[in-house]
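Report on one structure; see the data block that follows.
The values are calculated or read from the model by the stated rules, or taken from the named source; none is laboratory data. What you are looking at is a predicted structure, and each value in this text was computed from that prediction instead of being measured. All Cβ positions, even for glycine, are placed from backbone atoms using ideal geometry, and neighbour counts span all protein chains on display. Heavy atoms of the whole protein, side chains included, go into the accessibility calculation; ligands, DNA and RNA do not. Shrake-Rupley method; radii C 1.70, N 1.55, O 1.52, S 1.80 Å.
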Amino acid sequence: MDGLKGYKKLNYVRVGDLKSAQKVGSMIEPLCNIAGYVPIDLTETGDIRADIDGLAINRPDVEQLRINRQADIVLLLTYNDYPLARGIVRQIEANRAGAYAISKVGAAANNYTLAHEVGHIFGGIHETSDGTIGSIYAQGKRFDVRRRPFVYRYSTIMHTWPSGSGYSRVLRFSNPDVTYDGVSTGDAATANVARKINERFAVVANFEPSPNILTTYIQGRSSIASGEVATWESIYSCGQPGYTFEWAQSEDGFVYQVLATTENYTGTLPYEETFLRLRVTSADGQVAESDIVVFTGGGSGGHSRKHAQKSIEQVASGLEVIYPNPSDEQALVRYSLGAACPVSFELVNQTGQTLGIYKAGVQQPGQHTYPINTSDLMEGKYTLKMVAADVVQSKHLLILRSK
């Protein structure tokens, strides 16, 4: 690690993916998206409070990058050995100017310090006994799990503890409706950081207005009987109203034939495995695409219908958007799940060659993002396929290098 002593990286965070803080568990996935990250040349003073104020006040380049990336929160990861703190937030229950945080690299994940500081930005506090000022109900919590003859000691993300106390921090905000190892992680009166996140979510998410990015996906079955007439619906959001639609089919996922220009498509599909593509164009010129694979066969389709319906419920909206697109060094894939299921991605070039398979593992319900490293790809057009349960969806990804 000696060669990294001077390493510092700014993480720009976009808030906007929280479905419901009633079930907040993990900090990163349900609450925030990484809007970008960049190395930064910063001379630190050794005083963490002075450094975070200097970062927020004296660095217009940092603020401009925040605006460019449409990020709500700025986080600095550093190897600097601040003697008295693992991390700091500029302002508890922050306004836009106070939504800055610093975390030591070693503590960011191992001690969940990064999540802890972001929790402060939303208004979460430690515990009133340490003099922290804030909403009385937005405290962290310590709790014991007893399995005779042992007692296991835990604390939620926002709670602190004396050195040598034996408590381990778990990746949970205090929440009376969520348990950990059978024990409640909060109480309504004094330990409900999830409530504070709910109350403050819209405020923090609007520190930097989100882009009006057009997104779309196909709602419909992934399996039908041979010759069966079925309907697939277009689900779309954002962009400027005044939309046009194009439905197309393909046997290989590359060469498509137009089926219809209606909002929804009703008809049959000719292949045993048909790639069905929806292309939506908004009045402001944005274009969004969504692809699914539909399997044809199985006689009356009784069993396959039930199986397909279960798959659709698991995938929910599925693959929503890849951004930035065109991409240079990294693309983020945003997708939603209706139930827990395994998720993987396959990157394919225009000749049909698989360039990479990325396994995200079993993912919980809600909205997620997954990073795809695109730094080694040549400029051009690619297809990214997402497999969740047995539903396959795909979108095109364009690689364009910055000059």
Self-check item: Accessible heavy-atom area order of 120, 396, highest first, probe of 1.4 Å
Solution: 396, 120
Quiz item: In a shell of Cβ-Cβ distance under 9 Å around residue 383, excluding residue 383 itself, what net charge do Lys and Arg (+1) and Asp and Glu (-1) give?
Solution: +1
Quiz prompt | Heavy-atom accessible area per residue - the range 235-282, 1.4 Å, Å² | solution = 51 Å²
Quiz prompt | With DNA, RNA and ligands ignored, accessible area of residue 165 (1.4 Å probe; Å², nearest 10) | solution = 20 Å²
Quiz item: Considering only protein heavy atoms, what is the solvent-accessible area of residue 378 at a probe of 1.4 Å, reported in Å² to the nearest 10?
Solution: 150 Å²
Practice problem: Quick one: of 141/359; 141/196; 104/385, which pairs are farther than 24 Å apart, Cα to Cα? | Solution: 141/359; 104/385
Practice problem: Would you mind getting me the FRET efficiency between residue 350 and residue 376? Use the beta-carbon distance for r and R0 = 25 Å, nearest 0.05. | Solution: 0.90
Quiz item: Where does each of 150, 275 land when they are ordered by accessible area, with a 1.4 Å probe and the largest first?
Solution: 150, 275
Exercise. Could you check how much of the accessible area of the range 80-149 is carbon and sulfur, as a whole percent, using a 1.4 Å probe?
Key: 50 percent
Practice problem: Determine the per residue accessible area of the range 64-109 with all protein chains present and a 1.4 angstrom probe, expressed in square angstrom. | Solution: 41 Å²
Practice problem: Give me the accessible area of residue 102, 1.4 Å probe, in Å² rounded to the nearest 10. | Solution: 0 Å²
Practice problem: Report in % the part of the accessible area of the range 333-403 that belongs to carbon and sulfur, leaving out ligands and nucleic acids; probe 1.4 Å. | Solution: 54 percent
Self-check item: Spacing of the two label points (7 Å from each Cα toward its C-beta) at residue 202 and residue 160, in nm
Solution: 3.3 nm
Exercise. Whenever you get a sec, line up 263, 246, 251 from highest to lowest accessible area (probe 1.4 Å, protein heavy atoms).
Key: 251, 263, 246
Practice problem: Calculate what fraction, in whole %, of the accessible area of the range 166-214 sits on carbon and sulfur atoms when a 1.4 Å probe is rolled over the protein chains. | Solution: 51 percent
Quiz item: Using θ = phi - 60° and the Karplus curve 6.51 cos²θ - 1.76 cosθ + 1.60, what whole-Hz ³J(HN,Hα) does each residue of the range 65-75 get, with Gly and Pro shown as x?
Solution: 4, 4, 5, 4, 8, 6, 9, 8, 10, 10, 10
Exercise. Would you mind calculating the relative contact order of the range 132-245 from Cα pairs under 8 angstrom and at least 6 residues apart, reporting the percent as a whole number?
Key: 20 percent
